[in-house]
1. From the list Ser150, Ser141, which one is modelled with pLDDT of 95 or more, within 16 Å of the ligand (Cβ to nearest atom) and under 27 Å from Val328 (Cβ atoms)?
2. Name the single residue that is nearest to the ligand (Cβ to nearest atom) among those in the stretch 37-63 being polar (S, T, N, Q) and in contact (Cβ under 8 Å) with a residue 12 or more places away in the chain.
3. Which residues, counting only those in the stretch 228-287, are among the aliphatic types (A, V, I, L, M) and in contact with a helix residue (DSSP H, G or I) (Cβ under 7 Å, 6 or more places away or on another chain)?
4. Which residues, taken from the stretch 12-36, are in contact with a Phe, Trp or Tyr (Cβ under 9 Å, 6 or more places away or on another chain) and either of a type in the set (A, V, I, L, M, F, W, C) or more than 8 Å from the ligand (Cβ to nearest atom) (or both)?
5. So, in the stretch 153-186, of the ones that are among the small types (Gly, Ala, Ser) and within 16 Å of the chain's Cα centre (by Cα), which residue ends up farthest from the ligand (Cβ to nearest atom)?
6. Identify, by number, the condition in (1) closer than 18 Å to Ala122 by Cβ; (2) assigned to a helix (DSSP H, G or I); (3) away from the ligand (no atom under 16 Å from the Cβ); (4) of a type outside the set (Phe, Trp, Tyr) that Ile8 doesn't meet.
7. So, in the stretch 256-272, how many residues would count as being of a type outside the set (Val, Ile, Thr) and crowded, with 17+ Cβ neighbours inside 10 Å?
Amino acid sequence: MATLRDVIYENVREGAPELCGKLDRNRLRCFSCGHRCPIPEGQAGVCKVRYNQGGTLYVPWGYVAGVQCDPIEKKPFFHAYPGSLAYSFGMLGCDLHCSYCQNWVTSQALRDSDAVSLPLRAAPESLAQDAIRQGAKVLVSTYNEPLITSEWAVEVFKAARAAGLKTAFVSNGNGTPEVIRFLQPWVDLYKVDLKSFDDRHYRQLGGRLEPILETIRALYSMGIWLEIVTLLIPGFNDSNDELCRLAEFLASVSPDIPWHVTAFHKDYRMMDPADTKPSDLLRAAEIGRRFGLRYVYAGNLPGQVKSLENTSCHHCGALLVKRHSYLVQEYRVTRTGTCPACSTPVPGRWALEFDGQITSTPFLPRNRSSMFTILNR
Ligand code: SF4
């Protein structure tokens, strides 16, 4: 019986030339994430899904390992088409190995035998058409780390754009200038998970801080709509000092970048820290505001974080979007994306109208079984 690795290695295509360089002795350099792996002949990179065979880089292609219809607030994007449906797909693998990963079943499938995930054959046009059928506005590459499967994401996004959809990445942000340039024509929205502001913490997770900061700067300067999430883990990344440095950095890129601080709960292998309390989120949010961030949100503890689930005008304080968890309860942004009380522009991507919300809880696409076949194992 074929192993998961065999199946993954059979569902590939040559990598994009923009994301690969030649080294000596038939080695290759991959530019798809901040590791910039030198890959010897016959071996794979750190992510285990991109590999060198005969001096050619092969990359994942033609499958998904999870498809779900999510409210866009779950990604989370709060300043991009509130209430819309985000048709979300993932592949397998990750370039980091966070011990608290909430998507470990797909992200760690090639490292951890407990992570059982069935890859399903998929075509870009079918994904885009199914997204339309479900009522989605945005098609999102998420669940695993999408940077390591950028070629497939772009192929799916081309079909999505042709079908009239917006596109998004939900990513750890461990990018390179090459991969961000490769994505820029095809990605409308980008969420970066800024996990810490301490390089030592990033090294525990298998990465480095600097490539993530470079990616945030690059995305903002290229005009891709950007929101940042920090999962607040007691004792790991929640010291005042670290949060101050993080907030100061974000504000230096732009005070208009929304920052979501979200509550940790015990998951995967990280069982020691206590769950994040509402007071921890409020403290982090206060630090964000003190450093000038205009849109700070607290997530994962609905109803316990005062007004930090809502969007308010930074100029006059008027309520713009009222939320409870992923549910949009009120929507007051004007057709031109401004505050109705003082006409201040609200940064983000806004629809002409709020059309109501298809769902405030995730659901599996209807008629899923007729769309996907399990890859042979
Ligand atoms: S995507 Fe990242 S981890 Fe994977 S081979 Fe390329 S540089 Fe290495």
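The values are calculated or read from the model by the stated rules, or taken from the named source; none is laboratory data. From a predicted model like this one, the values you see are computed outputs, not experimental measurements. Note that each Cβ is placed from the backbone with ideal geometry, even for glycine, and that neighbours are counted across all protein chains shown.
1. Working: Ser150 fails: under 27 Å from Val328 (Cβ atoms).
Unique residue meeting the criteria: Ser141.
2. Pass one, the stretch 37-63, residues polar (S, T, N, Q): 43, 52-53, 56.
After this cut, where a residue has to be in contact (Cβ under 8 Å) with a residue 12 or more places away in the chain as well, the list is 52-53, 56.
Numbers: Asn52: 9, Gln53: 13, Thr56: 13 Å.
Among those that are polar (S, T, N, Q) and in contact (Cβ under 8 Å) with a residue 12 or more places away in the chain, it is Asn52.
3. The first filter runs over the stretch 228-287 and keeps only residues among the aliphatic types (A, V, I, L, M), leaving 228-229, 231-233, 243, 246-247, 250-251, 253, 257, 261, 263, 270-271, 274, 281-282, 284-285, 287.
Answer for the stretch 228-287, where residues must be among the aliphatic types (A, V, I, L, M) and in contact with a helix residue (DSSP H, G or I) (Cβ under 7 Å, 6 or more places away or on another chain): Ile228, Leu232, Leu243, Ala247, Val253, Ile257, Val261, Ala263, Ala284, Ile287.
4. First, the residues of the stretch 12-36 that are in contact with a Phe, Trp or Tyr (Cβ under 9 Å, 6 or more places away or on another chain): 12-16, 18-21, 31-32.
Listed by number, the residues that qualify are Val12, Arg13, Glu14, Gly15, Ala16, Glu18, Leu19, Cys20, Gly21, Phe31.
5. Applying the first criterion (among the small types (Gly, Ala, Ser)) to the stretch 153-186 yields 153, 159-160, 162-164, 168, 171, 173, 175.
From the residues that got through so far, the ones that are within 16 Å of the chain's Cα centre (by Cα) too are 153, 168, 171, 173, 175.
Numbers: Ala153: 12, Ala168: 19, Ser171: 12, Gly173: 13, Gly175: 10 Å.
For the stretch 153-186, the residue satisfying everything is Ala168.
6. The number of the failed condition is (3).
7. Filtering the stretch 256-272 down to residues of a type outside the set (Val, Ile, Thr) leaves 256, 258-260, 263-272.
Those still in the list that are crowded, with 17+ Cβ neighbours inside 10 Å too: 256, 258-260, 263-264, 268.
Qualifying residue count, the stretch 256-272: 7.
Here's the yes/no breakdown for (1) on the phi < 0 side of the Ramachandran plot; (2) in contact with a strand residue (DSSP E or B) (Cβ under 8 Å, 6 or more places away or on another chain); (3) modelled with pLDDT of 95 or more:
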{"position": "Thr215", "(1), (2), (3)": "yes, yes, yes"}
{"position": "Ser221", "(1), (2), (3)": "yes, no, yes"}
{"position": "Thr230", "(1), (2), (3)": "yes, yes, yes"}
{"position": "Glu242", "(1), (2), (3)": "yes, no, yes"}
{"position": "Glu248", "(1), (2), (3)": "yes, no, yes"}
{"position": "Pro258", "(1), (2), (3)": "yes, yes, yes"}
{"position": "Ala263", "(1), (2), (3)": "yes, yes, yes"}
{"position": "Ala274", "(1), (2), (3)": "yes, no, no"}
